[in-house]
Amino acid sequence: MDIKKRPIGIFDSGVGGLTVAHAIKQLMPGESLIYFGDTAHLPYGDKSAELISQYSEKIVEFLLGQNAKMILIACNSASASASDFLKGKFGRETIILDVISPVIDFVSSRNYKKVGVIGTKRTIASGVYERMITLKSPGTSVVSLATPLLVPMIEEGFIFDDVSNQIIRTYLSNEIFDGIDALILGCTHYPIIRNQISKFFDFRVEIIDSSHVVSSMARDILLKNKILNDSGQLSDRFLVSDYTEYFGKIARLFFEREINLEKIDIWS
């Protein structure tokens with residue numbers, strides 16, 4: 001197959017990576033996608049780096065078997081725990097892009113005084129945002145908070161209601177966020193509740209959504225390598241390791257069409 005027509009592979013532990021997939025389709029409508037949601041093992045955020053690396057390695061091997069010309073690690077926990085390992089092992093076979101590095105580059109291009117980060121336990125414990133932002137933007141102070149209830153809340157469909165508003169309020173009212181200029185959504189699930197988060201701050205804090213930053217960088221990389229598909233898309237595929245009704249609902253909401261979910265076991 002012509003490399004331009006090969007799909008972009010995207011993976012996450014659940015529905016969160018759909019925010020990246022949607023941004024990709026908006027920016028590059030000619031590209032075809034193969035999305036893998038590892039719903040059987042979600043959430044990744046409370047698992048060890050070693051286990052996340054094992055899951056991620058198996059998924060990347062599968063996506064390579066599907067001829068992916070680029071693989072997006074659409075999960076902050078996997079990006080923090082397994083990105084270097086995956087790039088080291090598979091970097092010669094395909095382009096691998098994580099969701100953290102593009103955000104660090106974006107932040108370093110701005111003049112923020114204080115930036116907040118929310119994410120899973122694994123992402124926050126890795127300290128990757130504080131370390132890399134401090135390295136590239138020494139004048140920017142960074143505060144971070146693990147918000148582990150947000151992913152299961154979103155995966156269970158508790159959004160735009162009193163339950164989600166109370167959980168969001170409880171986390172974001174932490175005094176460490178006083179005076180922040182911007183808040184990094186350090187999990188690809190979080191853009192689903194972006195409006196609620198922005199509303200909490202009375203729309204006075206810039207909310208940094210990695211999906212748009214990452215999709216822009218992905219397009220630049222494909223253009224640079226002359227493998228952007230500009231001849232019209234082939235079909236997209238959406239795969240899950242365990243079917244959940246809410247996954248299908250969110251997928252239809254993002255893509256405004258019926259999505260055919262395929263359940264597949266890549267672990268046997």
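Figure the gain on full extension for Tyr243 and Arg194 (residue separation times 0.36 nm, minus the Cα-Cα span) and round it to one decimal in nm. Can you show the working numbers first?
Working: separation 49, 0.36 × 49 = 17.64 nm, distance 2.52 nm.
Full extension of this stretch gives 15.1 nm more.
Just to be sure I understand the model, the point goes 7 Å from the Cα along the line to the Cβ. What's the resulting Arg204 to Lys263 distance in nm?
That separation, rounded to one decimal, is 4.9 nm.
To the nearest 10 degrees, how steep is helix 49-65 against the longest Cα principal axis of the chain, on a 0 to 90 scale?
30
Assuming R0 = 51 Å, what is the FRET efficiency of Asp181 and Asp230, from their Cβ-Cβ distance, to the nearest 0.05? Please list the in-between numbers first.
Numbers: r = 37 Å, r/R0 = 0.73.
Calculated transfer efficiency: 0.85.
Give a quick list of trypsin sites (Lys or Arg not before Pro) in segment 198-255 that DSSP marks as loop, anything other than H, G, I, E or B, with at most 10 other Cβ atoms within 10 Å. Please report the intermediate quantities before stating the final value.
Numbers: sites: Lys199, Arg204, Arg219, Lys224, Lys226, Arg237, Lys249, Arg252; in loops: Arg204, Lys226.
When the trypsin sites (Lys or Arg not before Pro) of segment 198-255 are filtered for loop state and at most 10 Cβ neighbours within 10 Å, Arg204, Lys226 remain.
Expected output is a single nm value to one decimal: the length gained when fully extending between Leu253 and Lys89, i.e. 0.36 nm times separation in residues minus the C-alpha distance. What is it? Write out the running numbers ahead of the final one.
Details: separation 164, 0.36 × 164 = 59.04 nm, distance 3.53 nm.
Here the answer is 55.5 nm.
As a quick test, which of the pairs Lys47/Lys226; Lys5/Lys136; Lys25/Lys121; Lys4/Lys87 have an alpha carbon distance above 32 angstrom in this structure? Write down the numbers at each step before the final one.
On the way: Lys47/Lys226 38 Å; Lys5/Lys136 36 Å; Lys25/Lys121 30 Å; Lys4/Lys87 21 Å.
Over 32 Å apart, Cα to Cα: Lys47/Lys226; Lys5/Lys136.
When the label point is put 7 Å from the Cα of Glu130 along its Cα-to-beta-carbon vector, which residues of segment 63-94 have a backbone N closer than 20 Å?
76-82
Springs between alpha-carbon pairs under 10 angstrom, Gaussian network model over the chain: which of Asp178, Asp46, Asp202 fluctuates most?
Maximum fluctuation in the GNM of the chain, among the listed residues, is at Asp202.
Cut-off is 10 Å between beta-carbons; in what order do Ser211, Ser241, Ser216 appear when sorted fewest neighbours first? Let's see the in-between values first.
Numbers: Ser211 25, Ser241 20, Ser216 15.
Result, fewest neighbours first: Ser216, Ser241, Ser211.
DSSP loop (so not H, G, I, E, B), at most 12 other Cβ within 10 Å: list which GluC sites (Glu not before Pro) in segment 131-211 pass both filters. Let's see the in-between values first.
Working: sites: Glu155, Glu156, Glu175, Glu206; in loops: Glu156.
Sites meeting the loop and neighbour criteria: Glu156.
When a/c is below 1.5 the answer is rounded, else prolate if a/b is larger than b/c, else oblate, so apply that to segment 137-237 with a ≥ b ≥ c taken from the square roots of the Cα gyration tensor eigenvalues.
Working: a/c = 2.89, a/b = 1.55, b/c = 1.87.
The shape class here is oblate.
When we measure straight from the Cα of Lys249, which aspartates and glutamates land under 12 angstrom away, once same-chain ones fewer than 8 places off are left out?
Straight-distance partners of Lys249: Glu155, Glu156, Glu258.
Any read-out appearing in this document is the output of simple, stated calculations on the displayed coordinates, not a laboratory observation. Remember, predicted model here, so these are calculated numbers, not experimental data. We place every Cβ from the backbone using ideal geometry, glycine too, and count neighbours over all the protein chains shown.
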